[in-house]
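The structure appears right after this line, and notes come after that.
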Amino acid sequence: MSLPRILAIMGSGETAPTMVTTHRRLTSLLPSPVKAVVLDTPYGFQENAPELAAKAVEYFQTSINVDLVVAGLIRLHDTHLPADPVAIERGLRALSDADYIFAGPGSPTYALRQWAGSPVSRIMIDKLTHGGIVTFASAAALTLGKATVPVYEVYKVGQDVQRLDGLDILATLGINAAVIPHYDNTEGANHDTRFCYLGEARLQMFESLLDDDTFVLGVDEHTGLVIDIDAASATVVGNSNVTIRLRTQSFVYPTGSVIPLSLLQSPTSLLDGSQKQESKTESSLPLTAQTSGSSPEEAHSLESLLLIAKKEFDAAMAERDAITAVRSVLALEQGMKDWSADTLTSDVFDRARSALRSMISQLGDAAVSGVRDPREVASPFVEAMLAVRATVRAEKRFDLSDIIRDVFSSLNIEVRDTPNGVEWSLPAD
């Protein structure tokens, strides 16, 4: 079986529910069992690198049903800590043998420094030339083009905008571009963090450093561009848009669009009208993420789930509807679990956890406040909280189980695990 030749570029959300369908469809094109490897270099400098790798492995096992091998290439050279030559050779061999290579968050500058002089770039090019699927997201995506911007150094440290040489893997496809993920980022709220935290002014500075024939390929958050080399086309998947930016003009392709590879190879044809934007419905695209009902993929982010859960919870508490309130708690907890791999280091996860604590605490207050027959009125709330407790304990989410325990303790509600099941009593019992 010959392998497909595909490069998937994701703006963010690479380990979030939004990209589950895309990962599944890509891996379904490969022989079973899929030989998949996570290239962990971009976040190799972080203290929690093993945890991030484990999260990726868990995500692929539970959501994609694919066993992901960790390359273990967190350091190849050029650090104060010595690199392990045996581990490096083992990781490079895993990459060479893989059918599916996945890389994501971290620092593009660190990744490029570690990959310099190594076979990593050649291995990626070999996959795209002879067969294999390469999926680069977020920081890793920044390294794909001819030029790279050191986003962390600019945004966090305050360095001047620079142009670094990228891996230029896109040149293998005849594409002369600089990839900018997180293109529609809005985290800045009161300041411009679009274009991977650069903002408009600094993106223009970066563009001024590019060769005249190099354009910006922008990929929005929770969005991907799946470039099928054999089909000579690229499909926009996920939640939002892909943008071809030719300095002063931008051409936007929403999810479901199919872009001819020839257009990515010669985007200036858009300026004279010889090429037109093409779009098809999602149902006609083999690799477009499609959603239905209220699956996690339908929500754009944990932020959205948090807002919905809080709104439903507050309304339920106002109506003293214990069942609906508990459903909101469970929905938020499930959302935190679904999105944990993508938001573990984000403040939205901390805010969701804080909201969950508050919701559980309010349920506890409602269970014992202002009633003539405390046990009768409290019972639905306490039993509901015990149901939540049983669920999170079964999933080994002991951090959430501890929150419920603390709430019970603060309300002097005694909970006993007995051979016959869970028993509870109020202070007046």
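The values are calculated or read from the model by the stated rules, or taken from the named source; none is laboratory data. In this text the structure is predicted, and so the values were computed from the model without any measurement. Cβ sites come from the backbone with ideal geometry, for glycine too, and all protein chains shown count toward neighbours.
Restricting to the stretch 7-64, count the residues that are out of contact with any helix residue (DSSP H, G or I) (no Cβ under 8 Å at 6 or more places or on another chain) and touching a residue at least 24 places away in the same chain (Cβ under 8 Å).
Qualifying residue count for the region: 10.
Let me spell it out: the conditions are (1) at pLDDT below 80; (2) charged (D, E, K, R); (3) surrounded by 15 or more Cβ atoms within 10 Å (Cβ to Cβ), and Arg389 meets all of them except one. Which number is the exception?
In the conditions (1) at pLDDT below 80; (2) charged (D, E, K, R); (3) surrounded by 15 or more Cβ atoms within 10 Å (Cβ to Cβ), Arg389 misses (1) alone.
For the list (1) out of contact with any helix residue (DSSP H, G or I) (no Cβ under 7 Å at 6 or more places or on another chain); (2) farther than 30 Å from Ser32 by Cα, I need the number of the one condition that Leu164 fails.
Going through (1) out of contact with any helix residue (DSSP H, G or I) (no Cβ under 7 Å at 6 or more places or on another chain); (2) farther than 30 Å from Ser32 by Cα one by one, Leu164 breaks only (1).
So, in the stretch 65-88, of the ones that are at pLDDT 95 or above and not in a loop (DSSP other than H, G, I, E, B), which residue ends up surrounded by the fewest Cβ atoms within 10 Å (Cβ to Cβ)?
The selected residue is Val69.
Under 6 Å between Cβ atoms, at least 6 apart or on separate chains: pull out the pairs that start in the stretch 344-355 with a residue that is more than 15 Å from Ala331 (Cα to Cα) and end on any residue that is at pLDDT 65 or above.
Cβ pairs passing all conditions: Val348/Leu302; Val348/Glu303.
Within the stretch 188-235, which residues are touching a Cys at 6+ places or on another chain (Cβ under 9 Å) and either assigned to a helix (DSSP H, G or I) or loosely packed, with under 14 Cβ neighbours inside 10 Å (or both)?
Start the filter on the stretch 188-235 by keeping residues that are touching a Cys at 6+ places or on another chain (Cβ under 9 Å), which leaves 203, 218.
Once the filter is applied, which keeps residues that are touching a Cys at 6+ places or on another chain (Cβ under 9 Å) and either assigned to a helix (DSSP H, G or I) or loosely packed, with under 14 Cβ neighbours inside 10 Å (or both), the stretch 188-235 yields only Leu203.
Based on what the data block shows, is Val252 modelled with pLDDT of 95 or more, assigned by TED's automatic domain parsing to the domain that holds Ile175, crowded, with 21+ Cβ neighbours inside 10 Å and not in a helix (DSSP H, G or I)? Outline the logic, then answer.
On the way: modelled with pLDDT of 95 or more: yes; assigned by TED's automatic domain parsing to the domain that holds Ile175: yes; crowded, with 21+ Cβ neighbours inside 10 Å: no; not in a helix (DSSP H, G or I): yes.
So Val252 fails the test.
Considering only the stretch 133-150, state which residues are of a type outside the set (A, V, I, L, M, F, W, C) and either at pLDDT below 95 or more than 15 Å from Ile175 (Cβ to Cβ) (or both).
Residues satisfying the conditions are Thr135, Ser138, Pro150.
I'd like to check something: does the stretch 161-169 contain any residue that is surrounded by fewer than 20 Cβ atoms within 10 Å (Cβ to Cβ) and in a strand (DSSP E or B)?
yes
Please verify whether the stretch 22-39 includes one or more residues that are at pLDDT below 95 and either among the hydrophobic types (A, V, I, L, M, F, W, C) or buried (at least 23 other Cβ atoms within 10 Å of the Cβ) (or both).
Within the stretch 22-39, none of the residues are at pLDDT below 95 and either among the hydrophobic types (A, V, I, L, M, F, W, C) or buried (at least 23 other Cβ atoms within 10 Å of the Cβ) (or both).
Condition first: charged (D, E, K, R) and under 20 Å from Val219 (Cα atoms). Now tell me which residues in the stretch 104-154 satisfy that.
Correct list: Lys146 only.
Take the residues in the stretch 130-160 that are among the charged types (D, E, K, R) and in a loop (DSSP other than H, G, I, E, B); name whichever of them is farthest from the chain's Cα centre (by Cα).
Restricting to residues being among the charged types (D, E, K, R) and in a loop (DSSP other than H, G, I, E, B), the top hit is Asp160.
Residue-wise test of (1) of a type in the set (Lys, Arg); (2) surrounded by fewer than 20 Cβ atoms within 10 Å (Cβ to Cβ); (3) closer than 13 Å to Thr135 by Cβ.
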| residue | (1), (2), (3) |
| --- | --- |
| Pro4 | no, yes, yes |
| Thr41 | no, no, no |
| Gly44 | no, no, no |
| Val57 | no, yes, no |
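Given the condition part of a helix (DSSP H, G or I), over 24 Å from Gly13 (Cα atoms), assigned by TED's automatic domain parsing to the domain that holds Val216 and touching a Leu at 6+ places or on another chain (Cβ under 6 Å), answer yes or no: does some residue in the stretch 120-129 qualify?
yes
Would you mind stating whether Glu51 is assigned to a helix (DSSP H, G or I), within 23 Å of Ala139 (Cβ to Cβ) and of a type in the set (Asp, Glu)?
Yes.
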